[in-house]
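First comes the structure, then the notes that go with it.
The values are calculated or read from the model by the stated rules, or taken from the named source; none is laboratory data. Small disclaimer: the values here were computed from a predicted structure and weren't measured. All Cβ positions, glycine included, derive from the backbone under ideal geometry; neighbour counts span all protein chains shown. These area figures cover heavy atoms from the full protein model, side chains too; ligands, DNA and RNA do not enter into them. Shrake-Rupley method; radii C 1.70, N 1.55, O 1.52, S 1.80 Å.
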Amino acid sequence: MASARATAPRLGVNIDHVATVRNARGGGAPDPVRAAHLAVAAGADGITAHLREDRRHIRDGDIARLKQELTVPLNFEAGATREMVDIALRVQPHAICLVPERREERTTEGGLDIIGRQNELRPMIAELSAAGIRVSLFVEAEPAVMRMAAELGAPVVELHTGAYCERHDEGAAEAAQAELQRIRIAAALGRDLGLEIHAGHGLNFDSVVPVARIPEIIEFNIGHFLVGEAIFTGLEAAVAHMRAVILAARAGQDAA
Ligand SMILES: CC(=O)[C@@H](O)[C@H](O)COP(=O)(O)O
Ligand SMILES: NCC(=O)COP(=O)(O)O
């Protein structure tokens, strides 16, 4: 019988920026894999790690150790390239989330152009799915994009919440509401099309609340904010609080 936890939205913790701190000095500390274990101990339902083409934070060895050691699903984030598909086929993570990448970008700037790249993505999605890896597409919250994701055969989309978070955090309430409505509409349509709906990028304890109230979203991937919070409160406390905030928002209460 599914536990209560199984019916609640899942929290995937992205540990990229623990590796950012580690790489600042070129040593082995802080260890992103240790961070993953602490996040799981604090209630994370999964771990997300983004192996960028330039390896600016997560490195190939981190992915190998995560796969070897994790007791929860590994969501391997990567650009939609032959190199990353081959790594995924070798490592066999629970899931791969295909994201856009530009070497010059400071962080992900938007969703993957799955309409423009459909001919390139279709065989990639089929190959990864045939290998038993759950494919997620990191995309903009747009109806046409939901329809294309379903047509491409991806079982999961992760809605990019970056624009909403930026408007929310700068206090642009009306613009944030407009972005949130885009997410609501896309989530409902995506679910009707049979897609599993995830969300992520830029979320914090405040901005996550309205998004967590969208019933079709069943997984949140959150990282940068939690790693920042960990500096002040510790990672376990930050993860536990984020999980409590999400669960309370979904249940319609305010977290303590
Ligand atoms: C796709 C996404 O929003 C993040 O998961 C991604 O990892 C952001 O890239 P950085 O972690 O390099 O900021
Ligand atoms: N896909 C979103 C993710 O994994 C974490 O994004 P962020 O919280 O680090 O912005």
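Report the net charge of residues surrounding Arg90, where surrounding means a beta-carbon distance below 12 angstrom and charges are Lys +1, Arg +1, Asp -1, Glu -1.
On the way: positive: Lys67; negative: Asp60, Glu83, Asp86.
Summing Lys and Arg as +1 and Asp and Glu as -1 gives -2.
How high is the relative contact order of the chain, given as a whole-number percent (alpha carbon pairs under 8 Å, six or more residues apart)? The partial results should precede the final answer.
Working: 467 pairs, mean separation 49.0, N = 256.
This gives 19 percent for the chain.
Averaged over all directions, how much area does the convex hull of the C-alpha atoms of the stretch 65-184 cover when projected, in nm²? Show your work: numbers first, answer last.
Values: hull surface 34.4 nm².
So the mean shadow area of the Cα hull is 8.6 nm².
Taking amide H atoms as placed 1.01 Å from N in the peptide plane, list the residues 5 or more away in sequence, or in a different chain, whose amide H sits under 5 Å from that of Arg10.
Those qualifying (amide H under 5 Å, at least 5 residues apart or on another chain) are Glu219, Phe220.
Given R₀ = 45 Å, what would the calculated FRET efficiency be for Arg82 paired with Ala248, taking r from the Cβ atoms and rounding to 0.05? Intermediate results must be reported in sequence, preceding the final value.
Details: r = 43 Å, r/R0 = 0.96.
The value I calculate is 0.55.
Using a Gaussian network for the chain with springs between C-alpha atoms less than 10 Å apart, which of these wobbles most: Ala24, Ala238, Ala175?
Ala24
Give me the percent of the accessible area of the stretch 29-250 that comes from carbon and sulfur atoms, probe 1.4 Å, all protein chains in place.
On the way: 4920 of 9200 Å².
Carbon and sulfur: 54 percent of the exposed surface of the stretch 29-250.
With θ set to phi - 60° and the Karplus curve 6.51 cos²θ - 1.76 cosθ + 1.60, what are the ³J(HN,Hα) couplings of the stretch 147-157 in order, to the nearest whole Hz, using x for Gly and Pro?
After applying 6.51 cos²θ - 1.76 cosθ + 1.60, I find 5, 5, 4, 5, 5, 6, x, 6, x, 9, 10 Hz.
Based on the Kirkwood radius over alpha-carbon pairs, what value in µm²/s does the Stokes-Einstein equation return for the translational diffusion coefficient of the stretch 29-250 at 25 °C and 0.890 mPa s? Provide the component values of the computation, followed by the final result.
Numbers: Rh = 17.7 Å.
Answer, rounded: 139 µm²/s.
Using 0.36 nm per residue, how much length does the chain from Asp31 to Asn119 gain when fully extended, once their Cα-Cα distance is taken away?
Values: separation 88, 0.36 × 88 = 31.68 nm, distance 3.84 nm.
Value of the extension gain: 27.8 nm.
Amide H of Glu53: which non-local residues (sequence gap of 5 or more, or other chain) have their own amide H closer than 5 Å, using H built in the peptide plane?
Counting only residues 5 or more places away or on other chains, the set is Gly79.
Could you work out which residue, out of Met148, Met242, Met124, moves most in a Gaussian network model of the chain, that is, has the largest mean-square fluctuation with Cα springs under 10 Å?
Of the options given, Met148 has the highest mean-square fluctuation.
Determine ³J(HN,Hα), in whole Hz, for all residues of the stretch 238-248 in sequence, where each value follows from phi through the Karplus function 6.51 cos²θ - 1.76 cosθ + 1.60 and θ = phi - 60°; x replaces Gly and Pro.
Couplings: 5, 5, 4, 5, 4, 5, 5, 4, 5, 5, 5 Hz.
What are the ³J(HN,Hα) values, in whole Hz, obtained from phi via the Karplus relation 6.51 cos²θ - 1.76 cosθ + 1.60 with θ = phi - 60°, for each residue of the stretch 118-126 in sequence order, with x given for Gly and Pro?
So the Karplus estimates, Gly and Pro as x, are 4, 5, 7, 7, 3, x, 4, 5, 5 Hz.
Can you give me the distance in nm between label points at Thr233 and Asn23, each placed 7 Å from the Cα along the Cα-to-Cβ direction?
2.8
Just how large is the dipole of the chain about the Cα centre, in debye to the nearest 20, putting +1 at every Lys and Arg Cβ and -1 at every Asp and Glu Cβ? Present the calculation step by step, with values, prior to reporting the outcome.
Details: 27 positive and 35 negative charges, 121 e Å.
That gives a dipole near 580 debye.
State, to one decimal in nm, how far the label point of His94 lies from the label point of Arg147, with both points 7 Å from Cα in the Cβ direction.
Distance between the two pseudo-spin positions: 3.3 nm.
From largest accessible area down, sort Asp54, Asp86, Asp206, Asp62; use a 1.4 Å probe on the protein chains.
Values: Asp54 45, Asp86 70, Asp206 105, Asp62 5 Å².
Putting Asp54, Asp86, Asp206, Asp62 in descending order of accessible area: Asp206, Asp86, Asp54, Asp62.
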